[in-house]
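Following: one structure in structure tokens, then a few remarks.
The values are calculated or read from the model by the stated rules, or taken from the named source; none is laboratory data. Just so you know, these numbers come straight off a predicted model, no measurement behind them. Don't worry about glycine lacking a Cβ; one is built from the backbone with ideal geometry, like all the others, and counts go over all protein chains shown.
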Amino acid sequence: MRRVRAVLVWRGVILALLLSACAERGMISVAKNTPPDAAIENIFIATTRQPAEGELVFSSLRTSVLSFARFDISIPPTHQAGRIEWPEKPDKGADPATDFATRDIVRYRSAQEFGAALGANAQKAKREAIVYVHGFNITFAEGTYRLAQLSHDLKSTSTAVHYSWPATQKTLEYTRDRDSVLFARDGFQRLLEILAAQPYERIVIVAHSIGSNLVVETLRQISLEGKTQVSRKLAGVVLISPDIDTNLFEMQLGRIKPLPKPFVVFGDEADLALKASAFLTGQSNRVGQLKDTEILRRYGVQFVNVTDINDSEDSLGHTVAITSPTVLSILQKLPVMGPLTYAQDSVALQRLIDAASR
């Protein structure tokens, strides 16, 4: 009976994943004439994706050469927290009055030019940068617009930097993305080194899903190489639904010295994407599904459980912490794009989440 039940659950997970994969994929749509009441989010880009031929964006193909850019994203006046308002008909382009749109694109020809642009923005951003690393099966446009949505919804004044690694656009190529995460470590380390060389005092990393493994692997690599210029500027790490093996995570944490503090994990026990990952990897669960978080507390990692939050539009439960209006409204009131200083008392944050879910 238990085996039959497991098969039925697994079929449901596969069906949900396949249905989500059939949806229209996000695309960059340029619109110069944005309404005066649209908000503009400047998103700096570093990517190890190959440029897409004849297009404005980047593909899912790998390259060891980092490309640099800045995308100025227009947020429509009708925006609702937690959502990315894509055009109803992508081939017709975006209407900036109702849709996310790209107002301008700036290309940087070298790491030096990119670093200078980041440095010029440091004072305006109060010397703080937020680096976002997306998860599995995400296009360049989806990751870029997600960071724009987060920066806007959380009213962040920090410099927003998107590290876009070469994820595929196919649900069934999960194993390729796991390899791409390892491929992308050096590029991410180079981005952090460029940022650390600028007049920023605080660098905060926010990662989602399997992108969390990329972040933790890179921090381990930086620690083993003794890159103190980077580590001393790391002011916090937030992992959202991290798709990492629990035993591997413990080994990684043991090698990262010093471990950035605060170090926060947002998890959801009902996360269908992580259930699928656990099944594929032969594990009972992933870090983002943990019920017993003693292993995390041992390393000073704080766990925030959002299982009971039900106002996210994500049917898989994999992006609740960044798409739920309830969670976003709580985080918006806290300093530094989420619970990064407040989270020293993660129990209080969990109480806010629990109270809101009732």
Among the residues of the range 126-138, is there at least one that is surrounded by fewer than 21 Cβ atoms within 10 Å (Cβ to Cβ) and small (Gly, Ala, Ser)?
no
Let me confirm something: among GLU53, GLU88, which residue is acidic (Asp, Glu), closer than 30 Å to ARG176 by Cα and free of Cβ contacts under 8 Å to residues at least 12 places away in the same chain?
GLU53
Return the residue satisfying two criteria in turn: it lies in the range 190-222 and is free of Cβ contacts under 8 Å to residues at least 40 places away in the same chain and within 24 Å of ALA116 (Cβ to Cβ), and of such residues it is surrounded by the fewest Cβ atoms within 10 Å (Cβ to Cβ).
GLU193
If you go through PHE249, PHE266, PHE279, the only one that is more than 15 Å from ALA207 (Cβ to Cβ) and touching a helix residue (DSSP H, G or I) at 6+ places or on another chain (Cβ under 9 Å) is PHE279
Among the residues of the range 46-73 satisfying the criterion of being among the small types (Gly, Ala, Ser) and assigned to a loop (DSSP other than H, G, I, E, B), which is modelled with the highest pLDDT?
ALA52
Restricting to the range 225-271, name every residue that is assigned to a loop (DSSP other than H, G, I, E, B) and small (Gly, Ala, Ser).
GLY226, SER241, ALA270
One residue from ARG146, ARG107 being within 29 Å of ASP179 (Cα to Cα), basic (Lys, Arg) and free of Cβ contacts under 8 Å to residues at least 60 places away in the same chain
ARG107
Restricting to the range 151-165, name every residue that is surrounded by fewer than 23 Cβ atoms within 10 Å (Cβ to Cβ) and either closer than 19 Å to VAL216 by Cβ or of a type in the set (A, V, I, L, M, F, W, C) (or both).
LEU154
Counting only residues in the range 304-332 that are surrounded by fewer than 20 Cβ atoms within 10 Å (Cβ to Cβ) and within 22 Å of LYS275 (Cβ to Cβ), the one nearest to the chain's Cα centre (by Cα) is identified as ASP314
Single unsatisfied condition, LYS257 versus (1) of a type in the set (Lys, Arg); (2) buried (at least 24 other Cβ atoms within 10 Å of the Cβ); (3) more than 29 Å from ILE330 (Cβ to Cβ)
(2)
Quick check on THR102: is it at pLDDT 95 or above, assigned to a helix (DSSP H, G or I) and closer than 20 Å to PRO51 by Cβ?
no
Provide a single number: the residues in the range 190-224 that are among the hydroxyl-bearing types (Ser, Thr, Tyr) and in a helix (DSSP H, G or I).
3
